[in-house]
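What follows is a set of notes on a single structure, which appears directly below.
The values are calculated or read from the model by the stated rules, or taken from the named source; none is laboratory data. Keep in mind that this is a model prediction, so the values were computed, not measured. A quick note on method: Cβ atoms are made from the backbone with ideal geometry, for glycine too, and the neighbour counts reach across all protein chains shown. Ligands, DNA and RNA are stripped out before the accessible areas are found, and what is left, the full protein with its side chains, is counted by its heavy atoms. Shrake-Rupley method; radii C 1.70, N 1.55, O 1.52, S 1.80 Å.
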Amino acid sequence: AAARGRGWREVALHAQLPARAFYARQGFLPDGDLFEEAGIAHQHMRRVLDGAATITTFDEAVAITTALVHRARRHLWIHSRQLDPGLLDAAPVMAALRRFATARHDKQACLIVHDATAIAQGGSPLPGLLQRLPSVFRVRQVADPVDRAVASACLVNDSGDYYFRLAGHRVDGEAGLDQPARSRPLQDGLQRVWERSRECTELRALGL
């Protein structure tokens, strides 16, 4: 808040390694290699305050995904062809999803996928979490041919945060925190896709 009041567009810090996850949950992205400071391993981290941040690395993708889940108040939208193996089931993201689902009883996460069968057969721990908390995590598979052709991936919450990837099989994309002018149209688009999609009978067969 103080930085925004001064008109700064970005803030940065040196995080001790045990504190990296804490700062990631607040929207700070890892930047560069680890280094030593006062004999302790550190990670340089930054947070964009005005506009979008460019996501280019896997570590940045995990950090921003963790932040979006952590910062969600009641609603979370995820559009991913196969639930992004390696990203959505990364340990920090899984921990954030568990916290989101169990913190209060009025949370709702809407997941839009393209290939539920591949997800069920993929061996990821994420379907197990969905199975344990079906009242929170709702899953639908796209049915409209136009929707099936979409290659992008998107994560949006109800705090005005978003992470959008034009090529859904890659982590490269853009993300913004406290950017409702950008996140709201993305959420509206996901809502329309959700309404056109069907329930995932393939996942329901596993008890989801």
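What are the residue pairs meeting all of these: first residue in the stretch 142-158, first residue within 26 Å of Arg74 (Cβ to Cβ), second residue among the hydroxyl-bearing types (Ser, Thr, Tyr) and open to solvent by less than 40 Å² (accessible area, probe 1.4 Å), Cβ atoms under 6 Å, and 6 or more apart or on different chains?
The qualifying pairs are Val142/Ser197; Ala153/Ser80; Leu155/Tyr163; Val156/Tyr162; Val156/Ser183.
Would you pick out the residues in the stretch 49-85 that are of a type in the set (A, V, I, L, M) and within 11 Å of the chain's Cα centre (by Cα)? Even if it seems obvious, please write down each step before you answer.
Taking the stretch 49-85 first, the residues of a type in the set (A, V, I, L, M) are 49, 52-53, 55, 61-64, 67-69, 72, 76, 78, 83.
Matches in the stretch 49-85: Ala61, Val62, Ala63, Ile64, Ala67, Leu68, Val69, Ala72, Leu76, Ile78, Leu83.
Select from the stretch 58-91 the residues that are in contact (Cβ under 8 Å) with a residue 40 or more places away in the chain and open to solvent by 60 Å² or more (accessible area, probe 1.4 Å) and list them in ascending order.
Hits for the stretch 58-91 are Phe58, Arg73, Arg74, His75, Arg81, Gln82.
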